[in-house]
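Working notes, structure below.
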């Protein structure tokens, strides 16, 4: 069964360092999402791509976060510089095409710890 | 911002018992979804119920939706230890808005 791949699974970094997370969606899925999940809470959307275009990045802290999906396939989320409050699980999800109706499939996530 | 609120926040039951979780939301919806998350892992989609549906079944899962009360419930029948996880409701299309989740513990 096809799955969303994410790497790394765990990342420990120091404050002010740069970190990057990678996501490979299910083959053929046009829509890709990055969510952030703080411990004890539900995920919150950071950015949504339709193919290579950003559909929604209203909750992305653009002073330190950036996301790209250059060829409309895999995606990278970067944080520079990392802050203590960025410690969280970063989840990637993908859906087929119609993001209003299609099920989102989630990857295993990247657990970020900022020291 | 969180759209939904799950109740209870935590639930502990014995294997074989039924587990019921509730979700309330604030705005009009087209559909509502339930997801499961095992500790430290990604989310798994369980079931989607559309706004014109009142009840939906999938295996041991039963979901109800009351749009007049802006609420939904998830019932897991004959629970198993493997059902131990956090359960989230989510609303919206594309930009899913999740509740804070119910942490279910099923003791063997």
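The values are calculated or read from the model by the stated rules, or taken from the named source; none is laboratory data. For clarity, every value in this text was computed on a predicted model and none was experimentally measured. Every residue, glycine among them, receives a Cβ derived from its backbone with ideal geometry; neighbour counts consider all protein chains shown.
Some notes on this structure:
- Test result for residue B:38, within 13 Å of chain A (Cβ to nearest Cβ) and in contact with a strand residue (DSSP E or B) (Cβ under 6 Å, 6 or more places away or on another chain): yes
- Search result, residues across segment B:92-108 that are more than 11 Å from chain A (Cβ to nearest Cβ) and buried (at least 17 other Cβ atoms within 10 Å of the Cβ): B:104, B:106
- Hits in segment B:73-83 (condition: surrounded by 17 or more Cβ atoms within 10 Å (Cβ to Cβ) and in a loop (DSSP other than H, G, I, E, B)): B:79
Per-residue answers, yes or no, for (1) at pLDDT 95 or above; (2) surrounded by fewer than 17 Cβ atoms within 10 Å (Cβ to Cβ):
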site: B:17; (1), (2): yes, yes
site: B:21; (1), (2): yes, no
site: B:30; (1), (2): no, yes
site: B:43; (1), (2): no, no
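- Of the strands (runs of 3 or more DSSP E) lying entirely inside segment A:1-103, those carrying at least 1 residues that are in contact (Cβ under 8 Å) with a residue 60 or more places away in the chain and within 12 Å of another protein chain (Cβ to nearest Cβ) are A:5-7, A:10-13, A:19-24, A:31-37, A:88-95.
Rundown of residues vs (1) over 16 Å from residue A:41 (Cβ atoms); (2) away from chain A (no Cβ under 14 Å); (3) in a strand (DSSP E or B); (4) free of Cβ contacts under 8 Å to residues at least 12 places away in the same chain, yes/no style:
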{"residue": "B:12", "(1), (2), (3), (4)": "yes, yes, yes, no"}
{"residue": "B:32", "(1), (2), (3), (4)": "yes, no, yes, no"}
{"residue": "B:65", "(1), (2), (3), (4)": "yes, yes, yes, no"}
{"residue": "B:68", "(1), (2), (3), (4)": "yes, yes, no, yes"}
{"residue": "B:86", "(1), (2), (3), (4)": "no, no, yes, no"}
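- Scanning segment B:52-63 for residues that are over 21 Å from residue B:108 (Cα atoms) and in a loop (DSSP other than H, G, I, E, B) yields B:52, B:53, B:54.
- Selection status of residue B:16, within 14 Å of another protein chain (Cβ to nearest Cβ) and farther than 25 Å from residue A:50 by Cα: no
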